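Trainee: One structure is given below, represented as structure tokens, and several questions about it will come after.
Values in this text are rule-based calculations from the coordinates and carry no lab data. Nothing here was measured: the structure is a model prediction, and the numbers come from that model. Here the Cβ is made from the backbone with ideal geometry for all residues, glycine too, and neighbour counts use every protein chain on show.
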Amino acid sequence: MSDDAPRRGKVDRDTFESTIRPATGAARDDVRLGPAHGVDFGVLNVAGRAVVCATDPVSMLPALGPERAGRFALAFALGDVAVSGVRPTHFCPSFALPPDVTDEQFAGFWRAVAAECEALGVAVPTGHTARYPDAALPWVGAATVLGVGDHDDVIRPDGARPGDRLLVTKGPGVETAGLFASLYPEALAERGLAASTVADAAALLDETSVVRDALAAADAGREAVAAGAPAGVTAMHDATEGGLRGALCETAAAAGVRIDAERAAVPTADAALAACEALELDPWACTTSGTLLVAVDPGAVDAVVAALRARGTPVGDAGAVRAGEGVFVDGERVRPPAEDASWAAYERLSGEE
């Protein structure tokens, strides 16, 4: 990609601020939290209730098998509402399918989506499904997700405060390793990874949802407040595009704070690091859906950590939120990646098929 070509993935902060923020439609009193760069969701006030809303692209990867592809796509969509601390309640997809996606393929994919929605208490009130001549895999549309709850339960994405601790779950590179090991196991084997490591990396794809972790963390934080803690969870962010480094930078920028993180305190999956190394990727700079950043009042840290570990989720007390600005890892300032490292790798691997 040339230096002057538009970047792949989400637009950068400058484009957002110059193009999107000045033109967001009518000003309405019911919008409690509107669009901001790096912020996962918006909030509406409807008859005194908080309606958390988020819109994300939907992928369909038949090579994963219909069930895994469906769960993976849904996890990505629901996560941006779950990090508000409000349970996702409604899933509204719009599918633009390529003509060669068969009814059988879509049916298997949809059954997996619907089953996971049912398990999570998420309804599908509306949607759109069609085939279009120029549509292409893997991006087959988008979905809007809603979560209806109490305003007091909303955990704002810009809520991290000086004095908070920063918890990190699962670690860097989980999604990238899981996806590439599932789609391109031969390519990883050719780069020297043992079959057992490739299998362990592929299994990480089933760890790419933050929904249950985010809700468990939010509930534990509320219980800690009820037991006397000054505050609970103050902010959460799913480390998707831009990876853990991008998520740290977005969390700090949204709240106007400084974050100091310790690399050794962040959980790591050996298979994820090995897969990223084999593909010459920085695991901290590639998408890692499933990894959750949680800013927590010190008085609630033990409760939140216990709730996550009770779910079997690796979590580390990996840093501090301080007054100031920027992100520092082991004392060295880091900046958001110019582009998610996985984009170029995906193009390269898909071209090797």
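Trainee: Among (1) surrounded by fewer than 17 Cβ atoms within 10 Å (Cβ to Cβ); (2) over 30 Å from residue 203 (Cβ atoms); (3) over 21 Å from the mean Cα position of the chain (by Cα), there is one condition residue 102 misses while meeting the rest; what is its number?
Mentor: (2)
Trainee: Residue under question is residue 83, and the condition is that it be surrounded by fewer than 22 Cβ atoms within 10 Å (Cβ to Cβ), under 30 Å from residue 320 (Cβ atoms) and of a type in the set (Val, Ile, Thr); does it hold?
Mentor: no
Trainee: Give me the helices (runs of 4 or more DSSP H) completely within the range 167-243, filtered to those with at least 3 residues that are closer than 23 Å to residue 312 by Cα, ordered by residue number.
Mentor: Helices (runs of 4 or more DSSP H) meeting the threshold: 174-183, 195-203, 211-226.
Trainee: Scan 51, 58 and give me the residue that is over 22 Å from residue 350 (Cβ atoms), surrounded by 17 or more Cβ atoms within 10 Å (Cβ to Cβ) and either in contact with a Leu (Cβ under 9 Å, 6 or more places away or on another chain) or of a type in the set (D, E, K, R) (or both).
Mentor: Sole residue among the options that is over 22 Å from residue 350 (Cβ atoms), surrounded by 17 or more Cβ atoms within 10 Å (Cβ to Cβ) and either in contact with a Leu (Cβ under 9 Å, 6 or more places away or on another chain) or of a type in the set (D, E, K, R) (or both): 51.
Trainee: If residue 139 satisfies every condition in (1) farther than 20 Å from residue 342 by Cα; (2) out of contact with any helix residue (DSSP H, G or I) (no Cβ under 9 Å at 6 or more places or on another chain) but one, which is the exception?
Mentor: Result: residue 139 fails condition (1) only.
Trainee: Yes or no: residue 200 in contact (Cβ under 8 Å) with a residue 12 or more places away in the chain, crowded, with 20+ Cβ neighbours inside 10 Å, of a type outside the set (Gly, Ala, Ser) and within 28 Å of residue 237 (Cβ to Cβ)?
Mentor: So residue 200 fits the description; yes.
Trainee: In addition: Any idea which of (1) in contact (Cβ under 8 Å) with a residue 60 or more places away in the chain; (2) within 15 Å of residue 208 (Cα to Cα) is the one residue 120 doesn't satisfy?
Mentor: Just one mismatch for residue 120, condition (2).
Trainee: Restricting to the range 44-65, count the residues that are of a type in the set (Val, Ile, Thr) and under 18 Å from the mean Cα position of the chain (by Cα).
Mentor: Qualifying residue count, the range 44-65: 3.
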